[in-house]
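Step one of this worksheet: look at the structure below.
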Amino acid sequence: MCYHNAEYFVIFMSLQFGIDVEEEQLGEESVLLYKEELDENLVSEEMFSISPEMVLVHSCVYNNKEHEWLVCVASDADTNQPLFLVCLKNGEKIYEEVLLRDEGNEK
């Protein structure tokens, strides 16, 4: 499954939070970061430990009248293998999930 596009965001928001989002209402962005640039307030020690030196972070943002939602999926910059997902609501982390479970792939 592709973890870093608007279609996945719509499915994720529906399944995880019961929120119906139209793809047209989303903003998307991808940014390449060094591991040390990851925000330690948002990235747990477990997620940091599976991150390679370069991480591609795909983000989808959705604003409704009440809240701003931001879902970020970090992938290995070399392989595009999804590593972890972080969800923010109004700037506060409310959900995280490690997507890479194969301990043999740690870098």
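Values quoted throughout were computed directly from the atomic coordinates according to the rules given, and no laboratory measurement underlies them. All values reported here derive from a predicted model rather than from experimental measurement. Using ideal geometry, Cβ is built from the backbone for each residue, glycine included, and neighbour counts are taken over all protein chains shown.
Over all distinct Cα pairs, what is the inverse of the mean 1/r for the chain, reported as the Kirkwood hydrodynamic radius in Å? Can you show the working numbers first?
Values: mean 1/r = 0.0711 Å⁻¹.
Computed over Cα pairs of the chain, the Kirkwood hydrodynamic radius comes out at 14.1 Å.
Would you calculate a helix-derived [θ] at 222 nm for the chain, using -39,500 (n - 2.57) for each DSSP H run of n ≥ 4 and dividing by the full residue count, to the nearest 500?
The helix-only estimate for the chain comes to -4500 deg cm²/dmol at 222 nm.
Relative to the present Cα-Cα distance, how much length would full extension add between residue 32 and residue 96 at 0.36 nm per residue of separation? Display every interim value, and only then the final one.
On the way: separation 64, 0.36 × 64 = 23.04 nm, distance 1.97 nm.
Gain in length upon complete extension: 21.1 nm.
Please work out how much length the chain gains when fully extended from residue 45 to residue 7, using 0.36 nm per residue of separation minus the C-alpha to C-alpha distance, in nm with one decimal.
10.8 nm
What is the magnitude of the charge dipole of segment 6-102 about its Cα centre, with +1 placed on the Cβ of each Lys and Arg, -1 on the Cβ of each Asp and Glu, and no other charges, expressed in debye to the nearest 20?
Numbers: 5 positive and 22 negative charges, 39 e Å.
Dipole about the Cα centre, nearest 20: 180 debye.
Which of 59, 75, 49 moves most in a GNM of the chain, Cα contacts under 10 Å?
In this elastic network of the chain, the residue with the biggest mean-square fluctuation among 59, 75, 49 is 49.
Would you work out which of 38, 51, 18 lies farthest towards the positive end of the dipole of segment 6-102? Charges go on Cβ: Lys and Arg +1, Asp and Glu -1.
With unit charges placed on the Cβ atoms, the residue in question is 18.
Report the residue, chosen from 55, 73, 21, that carries the largest GNM mean-square fluctuation when the chain is represented by alpha-carbon nodes joined by springs under 10 Å.
Comparing 55, 73, 21 in the GNM, the peak value goes to 21.
Taking the Cα atoms only, what angle lies between the long axis of helix 6-17 and the longest principal axis of the chain, rounded to 10 degrees?
Approximately 80 degrees, to the nearest 10.
Neighbour counts of other C-beta atoms within 10 Å: give me 61, 43, 31 arranged from fewest to most. Kindly include the intermediate steps, with their values, before the conclusion.
Details: 61 16, 43 22, 31 11.
Sorted ascending by nearby Cβ count, the order is 31, 61, 43.
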